[in-house]
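**Q** This is the structure, below, for whatever I ask next.
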Amino acid sequence: MPSPWHIDVSARFPRPDDIVTTLVIAPDFLSHYQPMAAIADALRRSGERVIIATGNAMQPFVARDGFEWRRLDLAAGSNDGVASAIAHDRGDPSSLERFIAATRQGFVATLAFQAAKRSHELLWNPIEVGRAIRTLLEDVEPEHVLVDQVSLVSTLGLLASGRPFTTVVPGHPTQLPVGDEQYGSATTWPQALRPDADELDALARQVERINADVTDAFNGALAQLAPSAASVDHAFAAHGELVAFHWESDLHDPARRARLPEHVDLGPLVRQEELPDDYAAVVAGDRPLVVVALGTFLVHRHDVLASAIRAVELAGARAVVAIGDHDPESLGPVPDDWVLARRIPQVALLRHADCIISHGGNGSVQEALAAGVGQVLLPMSTDQMAIAADLERADRAVAADPNRLDVDDLADRLSAVIEHGAWSRTPSSVGELVSRRR
């Protein structure tokens with residue numbers, strides 16, 4: 001089966017006589033697996049044997065991509081691209097509903113909610129997982145290991161093992177704090193979103209307290225797994241010998257650049273996706289085409305999705321909309337040349353689109369950068385504020401407040417992006433990581 005990735009480095013790195021084995025550890029979430037799989041494919045094309053350790057939900061994707069799979073459960077939940085309440089967190093089925101409710105209050109409330117759940121979600125069963133990683137390493141004996149930075153428990157297991165590893169930061173670079181930064185705090189945001197100063201102060205205190213608790217738990221587990229291992233000052237800032245950012249070099253905040261650890265910037269990590277035949281008529285239309293995709297979790301914001309649909313109509317464009325589990329009828333009538341679907345071939349569509357309206361998640365943002373597509377961002381959670389701020393500063397996107405949407409204003413922003421015309425495409429730089437590891 002052909003690989004769905006198109007980052008080809010094989011011409012520069014011939015297959016060696018002795019096969020090098022790389023172990024890739026990824027959480028059981030599609031948005032985290034996909035960038036790791038792109039790196040894995042580049043390593044495979046350079047001649048390495050690649051094994052991906054992740055959960056059951058990603059096993060079909062690993063098989064589709066032609067990698068070896070080892071089961072490794074790193075969190076209570078999983079996500080195969082369409083989030084459900086049960087799969088989001090099996091131990092707390094109401095978590096997704098409460099998360100969506102928090103997004104309606106604003107992004108500070110959302111970050112506060114996410115901070116409260118942090119130790120449960122990112123440092124899940126640390127002793128059991130740490131031992132499972134040790135067993136996996138002994139079984140595979142890899143020369144190289146790549147770890148998703150968001151999975152703290154994976155970093156813990158690697159530090160306990162004493163083996164060198166590379167940390168991959170799948171989101172915004174601020175997901176790996178530097179200096180006195182705190183993971184999960186609101187440090188920057190686009191012009192359209194202006195948080196209350198008192199709310200920011202309260203969030204900063206909460207985040208600092210929770211991160212200290214997580215660091216204590218991290219060090220306690222590390223001491224059990226490897227009594228001689230050195231403790232860490234900040235669990236969220238712990239990383240391997242090399243850091244790989246899923247980010248463009250010219251998008252880094254200049255104020256942070258000098259403080260970054262030894263790193264490479266990977267740029268977009270985008271899979272190859274063929275456009276299904278039933279979308280041929282959609283992309284062949286004569287009006288501008290807009291992709292609307294709010295991500296696997298935030299698609300549950302029915303009100304934001306409905307406003308985006310109305311804005312596309314006002315702008316005189318066509319749309320392909322990812323609606324998740326929503327009933328299409330609940331979003332109102334749309335023109336005949338539109339598509340509303342549970343899942344959409346987003347990467348393939350972006351090659352034909354004029355703009356994307358998204359939540360500003362780094363996966364969608366990087367796919368749009370790779371395709372040279374204009375972006376309207378409606379950030380709601382995690383690192384999406386910082387992503388939107390960086391792209392806005394670089395004049396690569398416009399942003400709006402999803403909780404204060406004026407449909408006419410959103411339509412005007414969308415029209416301006418469409419009228420801008422072609423945007424420059426951003427190439428992948430994953431070959432630099434392959435070269436550095438060689």
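Each reported figure results from applying straightforward, stated rules to the coordinates on display, with no laboratory input. Computed from a predicted structure; not experimentally measured. FYI the Cβ positions are ideal-geometry reconstructions off the backbone, even for glycines, and counts take in every protein chain you see.
**Q** Once the piece of chain linking residue 116 and residue 209 is laid out straight, how much longer is it, given 0.36 nm per residue of separation minus the C-alpha distance between them?
**A** Using 0.36 nm per residue and subtracting the Cα-Cα distance, I get 32.5 nm.
**Q** At 7 Å along Cα-to-Cβ for each site, give me the label-to-label distance between residue 178 and residue 49 in nm.
**A** Result for the modelled spin labels: 3.8 nm.
**Q** Ok, one more. Going by Cα centres, segment 177-198 and segment 353-399 are how many Å apart?
**A** When both Cα centres are located, 17 Å separates them.
**Q** When the Kirkwood hydrodynamic radius is evaluated over all pairs of different C-alpha atoms of the chain, what value in angstrom, to one decimal, is obtained?
**A** 22.2 Å
**Q** What share of Cα pairs, in percent, lie more than 18 angstrom apart in segment 277-420?
**A** More than 18 Å apart: 50 percent of the Cα pairs in segment 277-420.
**Q** Using r as the Cβ-Cβ distance of residue 422 and residue 336, and R0 as 25 Å, what FRET efficiency do you calculate, to the nearest 0.05?
**A** Once rounded, the FRET efficiency stands at 0.35.
**Q** I've got another one for you. Using 0.36 nm per residue of separation minus the Cα-Cα distance, give me the extension gain between residue 280 and residue 68 in nm, one decimal.
**A** So the extension gain works out to 72.9 nm.
**Q** Within 10 Å of each candidate Cβ there may be at most 11 other Cβ atoms; applying that plus a DSSP loop requirement, which trypsin sites (Lys or Arg not before Pro) in segment 226-325 survive?
**A** 259
**Q** So, one more: As a test of the formula, what do you get for the chain when each DSSP H run with n ≥ 4 contributes -39,500 (n - 2.57) and the sum is divided by the residue count, at 222 nm and rounded to the nearest 500 deg cm²/dmol?
**A** Computed mean residue ellipticity for the chain: -12000 deg cm²/dmol.
**Q** How big is segment 134-291 in terms of Cα radius of gyration and Dmax, in angstroms?
**A** In order Rg, Dmax, the Cα atoms of segment 134-291 give 20.2, 66 Å.
**Q** Here is a further query. Using a ≥ b ≥ c from the Cα gyration tensor of segment 346-420 (square roots of the eigenvalues), is it rounded, prolate or oblate, where a/c under 1.5 gives rounded and otherwise the larger of a/b and b/c decides, a/b for prolate?
**A** Cα axes put segment 346-420 in the oblate bin.
**Q** To the nearest 0.05, what FRET efficiency results for residue 412 and residue 138 with a Förster distance of 45 Å applied to their C-beta separation?
**A** That gives a FRET efficiency of 0.15.
**Q** Turning to a different aspect of this structure: Given points 7 Å out from each Cα along the Cα-Cβ axis, report the residue 196 to residue 343 separation in nanometres with one decimal.
**A** A separation of 4.1 nm, rounded to one decimal place.
**Q** Quote the Stokes-Einstein diffusion coefficient, in whole µm² s⁻¹, for segment 376-426, based on the Kirkwood radius over alpha carbon pairs, a temperature of 4 °C and a viscosity of 1.567 mPa s.
**A** In µm²/s, the coefficient rounds to 110.
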